[in-house]
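Trainee: Got a structure for you, written out below as structure tokens; questions coming shortly.
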Amino acid sequence: MGKIIVSGASGQFGHAAASQLLDMGEDVIALSRSTDKVADLAARGAEVRAADFDSPDGLEDAMAGGEKLLLISTTMVGQRPRQHGNAINAAKAAGVKHVVYTSLLGVRKPGNPSVEGFDHIATEELLEDSGLAYTFLRNSLYAEAVATAMAIPALIAGSKMENAGNGRVPIISRDDCVAMAVAVLTQDGHENKAYEVSGPDLWTLPDAMALVSEMTGKAITIEQVDEEGMYQYFDSIGAVRKSADLTPDTPIPWASEGMVTFGQSIREGFMYIDSDAVERVTGKKPRSLRSVFEQYQDQWPK
């Protein structure tokens with residue numbers, strides 16, 4: 001098998017994927033804007049190369065010799081189609097044959113309001129039109145995000161504003177999403193397919209917070225609000241509404257537009273998807289939400 005390129009190799013997902021591929025004896029090209037952050041991968045035999053999807057110059061050289069590319073979605077909502085487009089063009093020019101892309105659960109359901117999803121749809125369409133083989137890994141909400149970014153502020157405040165209502169989402173561990181990516185990259189037969197990558201159970205976010213409450217003995221009151229109520233909450237803690245307004249000094253590193261419309265998409269049923277793709281492709285059952293909470297419980301306020 002040829003070399004496997006992993007983008008964003010200094011991030012949590014990319015680093016874990018590259019590490020597992022190295023464990024399996026694969027030839028890995030690890031791409032990062034900050035190559036010093038992946039020195040440990042280099043020490044284990046990965047070929048580390050600098051790459052910045054904002055700058056097409058040098059991207060083709062960074063991907064030279066790769067057969068497959070794990071294209072991990074970048075973080076800048078609204079900028080991702082341009083960034084991903086630069087990566088796809090460079091991969092094609094470099095002779096890469098197959099791109100595995102981390103997309104979003106339910107993204108192609110008509111009418112999905114998630115602003116985050118618009119970028120993923122655009123990227124999927126770029127790949128479909130590229131002539132390259134592709135695999136879309138449409139990952140659900142990360143259990144790790146629920147365990148930290150949601151649970152910790154809710155425990156501190158004793159309450160949580162929520163516009164996801166009683167919409168259900170199959171919360172999944174990032175570990176299982178990484179395992180899925182590694183399996184697709186190292187197995188045959190996944191070309192030109194899309195997988196809905198979901199956890200073992202469908203949860204409402206209020207029920208997920210109730211589990212946090214049960215495990216800590218601390219009450220968390222859920223305040224159900226509409227989209228405007230969520231925007232006002234994020235305004236009050238200093239979040240900008242549009243990703244285009246994000247700066248390095250912005251106190252909250254995400255724009256509220258993405259978070260609010262994500263909650264709306266859950267409430268309206270766009271992430272109500274029950275898939276067995278993880279077990280089918282990896283051969284292992286995905287982790288439970290409780291097991292991820294137990295992993296992060298020591299970070300919760302006492």
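The values are calculated or read from the model by the stated rules, or taken from the named source; none is laboratory data. This one's a predicted model, so the numbers in the text were calculated from it and none came from an experiment. Reconstructed Cβ throughout: ideal geometry from the backbone, glycine too, with neighbour counts over all protein chains shown.
Trainee: Just to be sure before I move on: is M230 out of contact with any Phe, Trp or Tyr (no Cβ under 9 Å at 6 or more places or on another chain), in a helix (DSSP H, G or I) and among the hydrophobic types (A, V, I, L, M, F, W, C) in the structure I sent?
Mentor: yes
Trainee: Let me ask you something else. For the list (1) part of a helix (DSSP H, G or I); (2) surrounded by 17 or more Cβ atoms within 10 Å (Cβ to Cβ); (3) over 21 Å from the mean Cα position of the chain (by Cα); (4) of a type outside the set (F, W, Y), I need the number of the one condition that K160 fails.
Mentor: K160 satisfies every listed condition except (1).
Trainee: Let me ask another. Can you find even one residue in region 269-277 that is of a type in the set (F, W, Y) and either assigned to a helix (DSSP H, G or I) or modelled with pLDDT under 95 (or both)?
Mentor: Looking through region 269-277, none of the residues is of a type in the set (F, W, Y) and either assigned to a helix (DSSP H, G or I) or modelled with pLDDT under 95 (or both).
Trainee: Considering V184, V260, which residue is over 17 Å from I171 (Cα atoms), in contact with a His (Cβ under 7 Å, 6 or more places away or on another chain) and either modelled with pLDDT under 95 or not aromatic (F, W, Y) (or both)?
Mentor: Testing whether each residue is over 17 Å from I171 (Cα atoms), in contact with a His (Cβ under 7 Å, 6 or more places away or on another chain) and either modelled with pLDDT under 95 or not aromatic (F, W, Y) (or both) leaves just V184.
Trainee: Mind listing whichever residues of region 171-219 are part of a loop (DSSP other than H, G, I, E, B), surrounded by fewer than 21 Cβ atoms within 10 Å (Cβ to Cβ) and touching a Gly at 6+ places or on another chain (Cβ under 9 Å)?
Mentor: Within region 171-219, T204, K218, A219 qualify.
Trainee: Now a separate question. Can you work out which of the residues in region 208-240 that are hydroxyl-bearing (S, T, Y) and touching a strand residue (DSSP E or B) at 6+ places or on another chain (Cβ under 9 Å) is nearest to I172 (Cα to Cα)?
Mentor: Among residues in region 208-240 that are hydroxyl-bearing (S, T, Y) and touching a strand residue (DSSP E or B) at 6+ places or on another chain (Cβ under 9 Å), the one nearest to I172 (Cα to Cα) is T221.
Trainee: Return the total of residues in region 107-156 being in contact (Cβ under 8 Å) with a residue 12 or more places away in the chain, in a helix (DSSP H, G or I) and not β-branched (V, I, T).
Mentor: Here the count works out to 16.
Trainee: May I pose another question? Starting from region 268-290, keep only residues that are at positive phi, then list their pairs with residues that are part of a loop (DSSP other than H, G, I, E, B) and surrounded by 15 or more Cβ atoms within 10 Å (Cβ to Cβ) whose Cβ atoms are within a distance under 9 Å, requiring at least 6 positions of separation or different chains.
Mentor: G269/G106; G269/K109; G269/G167; G269/R168
Trainee: With the condition kept exactly as written, say whether any residue in region 59-76 is closer than 26 Å to A255 by Cα, surrounded by fewer than 17 Cβ atoms within 10 Å (Cβ to Cβ) and within 19 Å of the chain's Cα centre (by Cα).
Mentor: Scanning region 59-76, I find at least one residue that is closer than 26 Å to A255 by Cα, surrounded by fewer than 17 Cβ atoms within 10 Å (Cβ to Cβ) and within 19 Å of the chain's Cα centre (by Cα), so the answer is yes.
Trainee: Mind listing just one residue for me: the one in region 44-54 that is under 24 Å from the mean Cα position of the chain (by Cα) and without any contact (Cβ under 8 Å) to a residue 24 or more places away in the chain and, of those, surrounded by the most Cβ atoms within 10 Å (Cβ to Cβ)?
Mentor: So, considering only residues that are under 24 Å from the mean Cα position of the chain (by Cα) and without any contact (Cβ under 8 Å) to a residue 24 or more places away in the chain, the one surrounded by the most Cβ atoms within 10 Å (Cβ to Cβ) is R49.
Trainee: If a residue must be among the small types (G, A, S) and modelled with pLDDT under 95, how many such residues does region 210-243 contain?
Mentor: Residues meeting the conditions: 4.
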